[in-house]
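Only one structure is covered here, and it is reproduced in the block below.
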Amino acid sequence: MNFLSNLLQMSNPAKRRVGLAVLLGIITGVVGGFAKWGWEVPFPPRDPNVFWPIGAMERVTPPKVFLDMLGLPSDWSYVFSGVTQPLSVFIVHIGFSLTFALIYCVAAEYFPKIKLGYGMVYGFFCYVGAHVITMPLMGLVPPLMQIPFDEQISELFGHLWWLWIIEIVRHDLRYRITGYGSVEDEG
């Protein structure tokens, strides 16, 4: 219980900068989304030989499956430098990053311990919540036991990387703006 109460210890309300945290959440959400994409270049998260949903001719990304489930456009695209890119999927990807970065940055003003491990503990729980629990239950990815080990490793370490980048950018920008990288540093 002592560990939990220490983890949930709140910051001094007079030192919180919630408006700034929202701004930082937006900035770090975009930066984090691009960092996660960068991670996926050398460590692709999807095995092209594991077809999902069942009956698909190729592996479909979870954001596309999600959009299709909701009946939303999943085929929007744009062309950059002669390469067609999946705009609908990118919107979901950045939306996910923005949402969880906003939660993280605002929560860091209230509960400074959320930044444990430079945010990687939060990133671990985002991974578990999304890729181990929610996405398999929603049918966005195969059942957990059918997902290849290398896919799980890519997603796990990709989420740790993603939150580490978010925390570094959050801390640096907060410091540059206020002179303090964290609410608990404000004396």
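Taking 0.36 nm per residue of separation and subtracting the Cα-Cα distance, what length does fully extending residue 144 through residue 128 add?
4.6 nm
Once both labels are modelled 7 Å past Cα along the beta-carbon direction, what's the residue 22-residue 10 spacing in nm?
Placing both labels 7 Å along Cα→Cβ, they lie 1.9 nm apart.
Taking θ = phi - 60°, what integer Hz values does the Karplus form 6.51 cos²θ - 1.76 cosθ + 1.60 yield along segment 106-111, in sequence order, with x for Gly and Pro?
In residue order, the calculated couplings are 5, 4, 4, 6, 9, 10 Hz.
What order, most packed first, do the peptides 2-10, 87-95, 107-115 have when packing is the mean number of other Cβ atoms within 10 Å of each residue?
Highest mean packing first, the order is 107-115, 87-95, 2-10.
Rounded to the nearest angstrom and ordered from largest down, what semi-axes does the equivalent ellipsoid of the chain get from its C-alpha gyration tensor (root of 5λ)?
33, 19, 14
Rounded to the nearest 20 Debye, what is the dipole magnitude of segment 1-102 about its Cα centre when Lys and Arg each give +1 and Asp and Glu each give -1 at the C-beta?
With Lys and Arg at +1 and Asp and Glu at -1, about 540 debye.
If you stretched the chain out fully between residue 50 and residue 177, how much longer would it get, using 0.36 nm times the residue separation minus the C-alpha to C-alpha distance?
41.1 nm
Could you state the accessible area per residue of the chain in Å², with a 1.4 Å probe and every protein chain left in place?
Value for the chain: 57 Å² per residue.
For a quick protection proxy, order the peptides 52-61, 168-177 by their average other-Cβ count within 10 Å, most packed first.
168-177, 52-61
Which Cα, out of 82, 39, 179, lies furthest along the positive dipole direction of the chain (beta carbon charges, K/R +1, D/E -1)?
It is 179, whose Cα lies furthest towards the positive end.
Taking a label point 7 Å from the Cα of residue 90 along the Cα→Cβ vector, which residues of segment 58-76 have an amide N closer than 13 Å to it?
76
Between segment 104-155 and segment 36-56, what is the C-alpha centre distance in whole Å?
17
Which value, in debye to the nearest 20, describes the size of the charge dipole of segment 66-187 about its Cα centre when Lys and Arg Cβ atoms bear +1, Asp and Glu Cβ atoms bear -1, and nothing else is charged?
That gives a dipole near 180 debye.
Modelled label-to-label distance, residue 185 and residue 121, 7 Å Cα→beta-carbon offset: nm?
Each label point lies 7 Å from its Cα, and together they span 1.9 nm.
The values are calculated or read from the model by the stated rules, or taken from the named source; none is laboratory data. The structure displayed is predicted, hence computed values, not measured ones. Methodologically, a virtual Cβ is constructed for each residue, glycine included, from the backbone with ideal geometry; neighbour enumeration extends over all protein chains shown. Side chains are part of the model used for accessible areas, which takes the heavy atoms of the whole protein and leaves out ligands, DNA and RNA. Shrake-Rupley method; radii C 1.70, N 1.55, O 1.52, S 1.80 Å.
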